[in-house]
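Here's the structure we're looking at; comments come further down.
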Amino acid sequence: MDTNQGNTNQESSNPENSKGVEASLVDQDLAVPGLEPEEQELFARIEAARRLLPGWFIVRMMSDSWYFGLLTTNNKILGIQCIDEVYQAADGSIWMDVTLLDTNLLRRDTILQEVIIAPTSRTRASINVNHIIAAFELEDT
């Protein structure tokens, strides 16, 4: 996975997203007093995920809904909107629950490689991170 520190202050497609939470998470490992309960819950989930998968993409992909790509070991791109949860299974493997992109969201004319998206309106998926080698954004803001 790409663990380079990226710019986490990028513009969001939805101005109501928690940019304050995202900015707070980049530099801190403790809960931020004064956050709304839903922001506090998001903060806790992201902190747990950062312990399992360090990298810029955890904060960015868990605190925003956007057009993200996960490059798999067989050179396929999974299109996702966000990472919902990261957890460790009983066998020690690390998994991500994600929301896949659907056909109504992705502009396919700008991407040269095929992107795997949700085949139905049910967009939830679980991914074993051992099969992911890179994480990136599929579209500019």
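The values are calculated or read from the model by the stated rules, or taken from the named source; none is laboratory data. Because the structure is a prediction, the values reported are computed rather than measured. Neighbour counts are summed over all protein chains in view; Cβ atoms, including those assigned to glycine, are modelled from backbone coordinates with ideal geometry.
Annotations
- Breaking point among (1) in contact (Cβ under 8 Å) with a residue 40 or more places away in the chain; (2) surrounded by fewer than 18 Cβ atoms within 10 Å (Cβ to Cβ); (3) assigned by TED's automatic domain parsing to the domain that holds residue 38, for residue 59: (2)
- Residue 91 of a type in the set (Asp, Glu), part of a loop (DSSP other than H, G, I, E, B) and modelled with pLDDT of 95 or more: yes
- Residue in the stretch 99-119 that is among the hydrophobic types (A, V, I, L, M, F, W, C), buried (at least 19 other Cβ atoms within 10 Å of the Cβ) and under 23 Å from residue 43 (Cα atoms) present: yes
- The set of residues in the stretch 75-88 that are touching a residue at least 40 places away in the same chain (Cβ under 8 Å) and not in a strand (DSSP E or B) contains only 76.
- Selected residue (only one of 22, 39, 47 is of a type outside the set (A, V, I, L, M), modelled with pLDDT of 90 or more, surrounded by 14 or more Cβ atoms within 10 Å (Cβ to Cβ) and part of a helix (DSSP H, G or I)): 47
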